[in-house]
Amino acid sequence: MDEVWSEHVEPHASSPSSRVIILHMGVDGTQRESGVFKLERRGVNQLDFRIPDNEGFQPRKLPIEEGLGQEDWLGSMGGPLEGGDSPSPFLDRCLTKLEEGGWEGRVVASDDAGRFVCNYTLFTTLARARLTSHNNVKAMFLHVPNFTLIEMDEQGKLLGDLAEALVEEVRKCQ
């Protein structure tokens, strides 16, 4: 992640006029019958892999970022570290746009990205985004269903609609 951040994010984040949107995606393997897209509203400061990752790494009940508690969380798209009615008002507005665009019931907000690689990726990116000097990096994680539940073309349509909603919301923040 360090190389990707320094090569692709830092050069843009250093300019106060730039806006960076990072959209991570991962397959939600827990879905077995009906497929829904899950916009993850927060990343939690905890590594607790129930199975090893692809490289055999299997941390148990460890913080991602030292100095924060394991129940501390960061809200997607720049939401608060603690408190508030929503971990991510920005994400909630994007969800509303998607629902108005015909995705109601097929895209939901989720407050649990798990404690595996998806949560680690989201939390780490959100933590780095908070450190940018211009507060111009926004990050989100989208859990997608397996292609056997929702075909690739339909998933592509959602991504296009989500990208439009994200850009519209970021422009409002300028």
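Here the accessible area is traced with a 1.4 Å probe on the protein chains. For segment 1-155, carbon and sulfur cover 48 percent of it. So for segment 37-174: antiparallel DSSP bridges make up what percent, rounded to the nearest 5? Around 60 percent antiparallel, to the nearest 5. The simple Förster model, with R0 at 22 Å and r as the Cβ-Cβ distance, assigns S15 and R171 a FRET efficiency of 0.85. For segment 1-82, applying the loop criterion from DSSP together with a ceiling of 11 other beta carbons within 10 Å to the chymotrypsin sites (Phe, Trp or Tyr not before Pro) yields F57. With the alpha-carbon atoms of the chain aligned to their principal axes, the span from lowest to highest coordinate is 42, 41, 33 Å, starting with the largest.
Simple spin-label estimate for R106 and D2 gives 4.2 nm between the two label positions (7 Å along the Cα-to-Cβ direction from each Cα). Note on segment 3-50 and segment 105-171: Cα centroid distance 5 Å, given to the nearest whole angstrom. Straight Cα distances below 17 angstrom link K172 to the lysines K97, K138, with same-chain residues fewer than 8 positions distant left out. Residues whose amide H falls under 5 Å from that of V107, counting only those 5 or more places apart or on a different chain, are F37, with hydrogens built in the peptide plane. A crude spin-label estimate for the pair E164 and H134, with each label 7 Å from Cα along the Cβ direction, gives 2.8 nm.
Distances between placed amide hydrogens fall under 5 Å for I22 paired with K138, A139, M140, all partners being 5 or more residues away or on another chain. Taking 0.36 nm per residue of sequence separation and subtracting the Cα-Cα distance, how much length would be gained by fully extending the chain between V117 and E154, in nm to one decimal? Length gained, V117 through E154: 10.8 nm. The loop-placed trypsin sites (Lys or Arg not before Pro) in segment 1-71, going by DSSP, that have at most 13 neighbouring Cβ atoms within 10 Å of their Cβ come out as R32, R50, R60, K61. For segment 1-52, GluC sites (Glu not before Pro) meeting the loop criterion (DSSP other than H, G, I, E, B) and having at most 12 other Cβ atoms within 10 Å: E33.
The values are calculated or read from the model by the stated rules, or taken from the named source; none is laboratory data. Worth saying up front: this structure is predicted, and the values here are computed from it rather than measured. When we count neighbours, we look across all protein chains shown, and the Cβ atoms used for this are built from the backbone with ideal geometry, even at glycine. Side chains are part of the model used for accessible areas, which takes the heavy atoms of the whole protein and leaves out ligands, DNA and RNA. Shrake-Rupley method; radii C 1.70, N 1.55, O 1.52, S 1.80 Å.
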